[in-house]
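What follows is a short report on a single structure.
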Amino acid sequence: MSIPASASIGARSSAWPFRRFVPRLEPLFLVHVAVILILCVLVLYPIGIILNQSIRNEDGALSFDSYLQAYSNLRNYQAVLNTLIIASGSALFAIGVGTFLAWAVVRTDMPGRNLIELASIIPFISTPLVGALAWILLASPQTGLINQAWRYLHGAGSVVDIYSIWGIIFVEAVYETPLVFLLVSGALRSMDPTLEEAARSAGAGTLRTAMRITLPLVLPAILAGGLLVFILAAEQFAVPAVLGTPGKIRVLTTSIFEAQSVYPARDGLAAALSGILMVIALGGLWLHKRLLAGRSFVTVRGKSAQTRRIRLGAFRYVLLGICCLYLVLAVALPLSTIFLSSIRKIWTAEFHWEQFTLDNYRVVLFSYPAAQRAIVNSLLLAVFGALATILFCALISFLSLRTRHPGHRLLDVLAMIPSGFPGIVLAVGLLHAWISPPLVLYGTIWILYVAYLTRYLPVGVRAVSATLMQIHPELEESAAMSGASWLQTFRHIVLPLLRPGLAAGWALLFVAFTRELSASILLYSPKLEVLSVVIYTMYQEGGFRTLSALTMLQVAIAVVVLVVAKRVTRLDTTAEGHAM
């Protein structure tokens, strides 16, 4: 006999007749309350400090002058418009490219799938700052290699200008597309393939099946990825600062940085401008929920079927060519540029053997102690910190989507709030929150972990929720009716079914932790450097050669860790069977 879908783990009946009227006595409800309190401490406490600064003047008295300064300046409205254009353009680009790559890798028999999958996430591994610098070397109007080659062939002019709003959109989108790719590929691996097979049996072609069956069923993952890209692009600082400044393109984050970089720092103005980013983030969350409201995306039930790849015939090589064309622009060109920079003494359009050297790698590995410490610290935070964070995010998603306790919707909102604040502004709140008793974290590696956990809660929760929405509650309800506790159900039913989403979310967090700059730059202390901070320090010192060498090592380490993680989780179990 089937169990009504309206039943939930947190609201099931008990032998004790009064238990349903006293939900606070249920262990799951106590966990629910504890998670809400933890989120309040992690999120609302530091953000409350920031907001308090926005309504105080320099003497600490109550004042709204910061908001008057922020919203009476027409230049700030142009910054808001530029932010929305860049964020929207980046999200649309990432959704289109990331979804296409995920479908090609997971659902088709395209050759070289493992290589394409690995290469697709490489842009997300290196920092956007390095990506922006690489594209300056490639597409600067005067000195870029692409424009130099164009002038060599045509005599004059330039073909691309990276110092434009379209250049910013392209670089940001390229470095955030792996977000969509990882989330959608995780959802595709979790999806029941019998629905696609039924469409194929009814005569639908490959393209029609993908557009009418596959894409609608993974819509939560697509929208979750698009929302994350939109928010991360809106709060990006490094790319607009490097590429927008020469073209006088202001965005909210550069305006906030300007307010904080003067002396004395105008923290109130920065906090007031941050309110716009929070409205953008929460508006995106509201739109995400409205688009998914009233629709069912359940594709994982009690019975499962093995996925069979679509046989494309000769077209699989065309598909491979399209994927490779994107990877040339997103991976090969910028990474080759950084690699060439790492093995050369000087950067010129002419190449001579005496210009090449491995001294940059020797300096990074043996003569730069901060770089050595940064590699160790970043790996500890990224491997173990990301694991703890994704499990916490899974608990938040489970409580938000599978229970009906008071405040269950609040969990998702609390987890999304950090996305509305730039990392550098959030770091100011965290610094003030954890620098004084009763709990002093500043000066330890724990403050970096708390910062990463707080900042990337939206990434982990969206990654897990997208997969959890595909799992029918009947599996958990059956376990509950068989006498399993919520913890047993969560551990033995939910977590195994969430494995693709958890693995994708862990990969996202691993990469995000290794490349985080804006919060790290304010919160790190001597002997506790991380890779992004050391790379930025090298950039400020003008050491682009050693910076490039450290970036190549960062990419190599991350690729090795992700490959090992994929082998351990055994994600790619897709059969190489017959055509669908």
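The numbers here are math on the coordinates, done by the rules we state, and not lab data. Computed from a predicted structure; not experimentally measured. No Cβ is skipped: glycine too gets one built from the backbone with ideal geometry, and neighbour counts run over all protein chains shown.
Summing +1 for each Lys or Arg and -1 for each Asp or Glu among the other residues whose beta-carbon sits under 13 angstrom from that of Ser90 gives -3. Taking 0.36 nm per intervening residue step and subtracting the Cα-Cα distance, what contour gain separates Leu387 from Leu495 on full extension? The Leu387-Leu495 span can extend by a further 37.6 nm.
Counting 0.36 nm for each residue step from Val318 to Ser336 and taking away their Cα separation leaves a gain of 4.0 nm.
If r is the Cβ-Cβ distance from Ala370 to Val560 and R0 is 22 Å, what FRET efficiency results, to the nearest 0.05?
On the way: r = 22 Å, r/R0 = 1.00.
With a Förster radius of 22 Å, E is 0.50.
Placing R0 at 35 angstrom, the Cβ-Cβ distance between Trp446 and Leu145 gives a FRET efficiency of 0.20 after rounding to 0.05. On the basis of the beta-carbon distance and an R0 of 45 Å, Arg567 and Tyr152 show a calculated FRET efficiency of 0.50.
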